[in-house]
Amino acid sequence: MSRIDHSSNLIHFTKVFESGIIDYEKSYTVFKEILKSRILKGGKGMILGQHKCVCFTEAPVNCLSINKSLNPKYFNRYAPFGFQFSKKTIFENDGRPVIYSKKEEYEREKNNPNINWRYVTYDFEQKIDFTWEREWRIKTENFNFNKYDVKLIFPNMNWIERFIDEHEKENHKSSDIDCEECFCTRDAIIWTYNQFIEKCGTLSGDCPTQDKFPWVLISLEEEEY
């Protein structure tokens, strides 16, 4: 069923390393390291019960971007480099939406490892509200993903072009070789933010099966290029 109030996909963004300040080079380096290893590492930060989890957001796409970057009103803890998966893929890997509730409810379940990792404090009186994040979690130290299951999120076309260029250079033994078998550039599928919005209701999370360049690349910039 098509719905406008949620996305059929989930995104894991890289973290900001200094509060409120995005180090794009450092975030991009981490982004590429994750892609090379195909492992998202779990963390304990802000997770009740101190379980290690890998976290995702299902926030609607029109909440994600403003002025060619993540909306700072909400996503100021994240850098605009991300990994998008279909919700089905994450669910089949035991990912579940978090439970937003008062801490007292967590206290009743804190010794139940089957569910305590899903709780996030939600309190009107204390003005604690993270519901905008629409978070999902997988309780794991490492989430190993298939390269065909992920789409890649970038701040803008400049970063996409850099990524494609680096990918070609890294996969050619010599820059002088004109490799007819390499489809790195011409098989790169790129969506602008507007195209992403138009397709968000029907995206399945499946990527093309090109061996040389299997990813769909998504730019957060709003203009056509």
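Values in this text are rule-based calculations from the coordinates and carry no lab data. All values reported here derive from a predicted model rather than from experimental measurement. Glycine gets a Cβ as well: all are built from the backbone with ideal geometry, and neighbour counts include every protein chain shown.
How would R108, R118, R77 line up from fewest to most surrounding beta-carbon atoms within 10 angstrom? Numbers along the way, then the final one.
Details: R108 10, R118 23, R77 14.
With the fewest neighbours first, R108, R118, R77 line up as R108, R77, R118.
Arrange the following residues from fewest to most other Cβ atoms within 10 Å of their Cβ: S219, S7, S37, S101. Working shown, then result.
Details: S219 26, S7 23, S37 12, S101 16.
Ranked by crowding around the Cβ, least crowded first: S37, S101, S7, S219.
Rounded to the nearest 0.05, what FRET efficiency is calculated for E166 and D129 with R0 set to 35 Å and r the Cβ-Cβ distance?
About 0.30, to the nearest 0.05.
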